[in-house]
Amino acid sequence: MNEGRLRTLLREEPISGAAEAERRGMELVARAYAERQPVRQPLRPRRLAVALALAALLAALILSPAGAAVRHWVDDVFTAGVRNSEPALTEIPGGGELLVQSQRGPWTVQADGSRRLLGDYREAT
């Protein structure tokens, strides 16, 4: 008999007294569950007071005119970009000139941001 077959037979062999042990274990668990005392956490007055104070401070900050100013400041700080802005080339940071291709055609852009449409060309280099 090989080792694999022996392992399989040992796994399938019922253990004597297993059903009785399971029944006793379930009885023990049921008794322990019935005897348990629910644990109530006492309310900690300090934590409750701190939470209420923070809630009151937040409400005052949101509803007061000073709170509105703070909200606008936070909005300005965390809002990226400018609303309803359009892309624009104002000046070239490194100086020099650029050749820019658009749907209307190629443009030359000077270092100061001024630009000139070259004409109706498909490609420019």
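The residues on offer are 7, 44, 11, 36, and the sole one that is within 35 Å of the chain's Cα centre (by Cα) and not aliphatic (A, V, I, L, M) is 44. Screening residue 87 on (1) surrounded by 10 or more Cβ atoms within 10 Å (Cβ to Cβ); (2) modelled with pLDDT under 75; (3) closer than 30 Å to residue 113 by Cα shows it passes everything except condition (1).
Okay, residues lined up against (1) at pLDDT 85 or above; (2) polar (S, T, N, Q); (3) surrounded by 10 or more Cβ atoms within 10 Å (Cβ to Cβ):
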{"residue": "35", "(1), (2), (3)": "yes, no, no"}
{"residue": "38", "(1), (2), (3)": "no, no, no"}
{"residue": "58", "(1), (2), (3)": "no, no, yes"}
{"residue": "62", "(1), (2), (3)": "no, no, yes"}
{"residue": "68", "(1), (2), (3)": "no, no, yes"}
{"residue": "75", "(1), (2), (3)": "no, no, no"}
{"residue": "83", "(1), (2), (3)": "no, no, no"}
{"residue": "96", "(1), (2), (3)": "no, no, no"}
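Of the residues making up the stretch 104-124, those that are over 45 Å from the mean Cα position of the chain (by Cα) and under 19 Å from residue 91 (Cβ atoms) number 2.
Within the stretch 9-23, the set of residues being surrounded by 10 or more Cβ atoms within 10 Å (Cβ to Cβ) and basic (Lys, Arg) comprises just one member, 23.
The values are calculated or read from the model by the stated rules, or taken from the named source; none is laboratory data. On a predicted model such as this, the values are computed, not experimentally measured, just so you know. Note that each Cβ is placed from the backbone with ideal geometry, even for glycine, and that neighbours are counted across all protein chains shown.
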